[in-house]
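Working notes, beginning with the structure itself.
The values are calculated or read from the model by the stated rules, or taken from the named source; none is laboratory data. As the structure is a prediction and not an experimental result, all values here were calculated from the model. Cβ placement follows ideal geometry from the backbone for every residue including glycine, while neighbour counts extend to all protein chains displayed.
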Ligand code: UT7
């Protein structure tokens, strides 16, 4: 017995911001952004928020799974951009989908969040602590980036993606997760002010700071290493995997991973041209697009892999 993805869904905001739109107020160009990242446009939230996008993606995943929301006994929301500190995003999604008994919590592993969530769901199902789990990745990255910092803001977009998972005979074959907190400052967001009646600190930078080149170097080394380790755990060859669904951060990172694994690029689907980097939502958005357009066939071997702030990384091997 293992864990199978039985339904997927996604939601992205309608409002589109193109590279040319950014060049109106930033010293950048469509050419630079396309060449260095592969991104052409991104969907940006104009007020809906992380919870509402997560709820919409979740409803679509539940409908796709053909189950009642009441069957769900655990909801994990992967996000680093929750609308509120509490209640948690997962509990607010629970309210929206019409479920009043599931355990609900948020998980913050930045861009690796959905993979961490899925692997955690697998652990719950394997240990019989849950039967049906909803994992949703939702992010409003547009609120964490400084729209005057061209080295970060051009990369990100908003959206949500979800998967319903349940116990089945075939599905997840191997999982892997890791972190290296020593490199926490390479990509970080201080966020809220550290002030209280008894504590006063200098105002913090509310926006993300990132050493892009260090993240790039980390990703092109760590992601192929992680996938190789994952495949060797399961005794599966890289050529046996039909789809490598990677965190959508930069097309050059994905191309480098493909090269290092000696796998043709056509096995690495890409949608970052349309959405940019949606952090914890990128893998489930792409997964849902492939599921709905019929690209995923029963029996296909699929690898999901992510990396991000922490630094964190993770991957999942499954039979679709
Ligand atoms: O989920 C994880 C999230 N983070 C990532 O995935 C980040 C991974 N890193 C990257 O994707 C790349 O490092 C970036 C796309 C962020 C930057 O690309 P790069 O090829 O590493 O560029 P660079 O930082 O070496 O900068 C090259 C030049 C610099 O100018 P000078 O010093 O050569 O004159 C930058 O100031 O490009 C300049 N630059 C820009 N120019 C136009 C940086 N950002 C921009 C921009 N438009 N948006």
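Six or more apart or on different chains, Cβ under 6 Å: which pairs go from a residue in the range 146-163 that's at positive phi to one that's away from the ligand (no atom under 14 Å from the Cβ) and part of a loop (DSSP other than H, G, I, E, B)? Could you list them?
That search, which allows pairs on different chains as well, returns 159/12.
Tell me which of these residue 301 doesn't satisfy, since it passes every other one: (1) under 25 Å from residue 150 (Cβ atoms); (2) touching a helix residue (DSSP H, G or I) at 6+ places or on another chain (Cβ under 6 Å).
(1)
List the strands (runs of 3 or more DSSP E) inside the range 177-266, counting only whole elements, that have at least 2 residues being more than 15 Å from the ligand (Cβ to nearest atom) and either at pLDDT 95 or above or under 22 Å from the mean Cα position of the chain (by Cα) (or both).
Values: elements: 187-189, 208-210, 243-246.
In the range 177-266, 243-246 are the strands (runs of 3 or more DSSP E) which contain 2 or more residues that are more than 15 Å from the ligand (Cβ to nearest atom) and either at pLDDT 95 or above or under 22 Å from the mean Cα position of the chain (by Cα) (or both).
Looking at 162, 174, 167, can you tell me which residue is over 20 Å from the mean Cα position of the chain (by Cα), under 28 Å from residue 284 (Cα atoms) and not in a loop (DSSP other than H, G, I, E, B)?
On the way: 162 fails: over 20 Å from the mean Cα position of the chain (by Cα); 174 fails: over 20 Å from the mean Cα position of the chain (by Cα).
It is 167.
Give the residues of the range 267-296 that are within 14 Å of residue 245 (Cβ to Cβ) and assigned to a loop (DSSP other than H, G, I, E, B), sorted by residue number.
Across the range 267-296, the qualifying residues are 268, 269, 270, 271, 278, 293, 295, 296.
Name every residue in the range 180-222 that is within 30 Å of residue 126 (Cα to Cα) and buried (at least 17 other Cβ atoms within 10 Å of the Cβ), in order of residue number. Talk me through it step by step, then tell me what you get.
Filtering the range 180-222 for residues within 30 Å of residue 126 (Cα to Cα) gives 180-181, 219, 222.
Residues satisfying the conditions are 219, 222.
Six or more apart or on different chains, Cβ under 7 Å: which pairs go from a residue in the range 288-304 that's in contact (Cβ under 8 Å) with a residue 12 or more places away in the chain to one that's loosely packed, with under 14 Cβ neighbours inside 10 Å and not in a strand (DSSP E or B)? Could you list them?
301/240
Could you look through the range 92-116, keep only residues that are in a helix (DSSP H, G or I) and within 16 Å of the ligand (Cβ to nearest atom), and pick out the one that is surrounded by the fewest Cβ atoms within 10 Å (Cβ to Cβ)? Steps first, please.
Of all residues in the range 92-116, those in a helix (DSSP H, G or I) come to 92-97, 110-116.
Subset that is within 16 Å of the ligand (Cβ to nearest atom): 110-116.
Details: 110: 24, 111: 33, 112: 31, 113: 34, 114: 34, 115: 32, 116: 28.
Among residues in the range 92-116 that are in a helix (DSSP H, G or I) and within 16 Å of the ligand (Cβ to nearest atom), the one surrounded by the fewest Cβ atoms within 10 Å (Cβ to Cβ) is 110.
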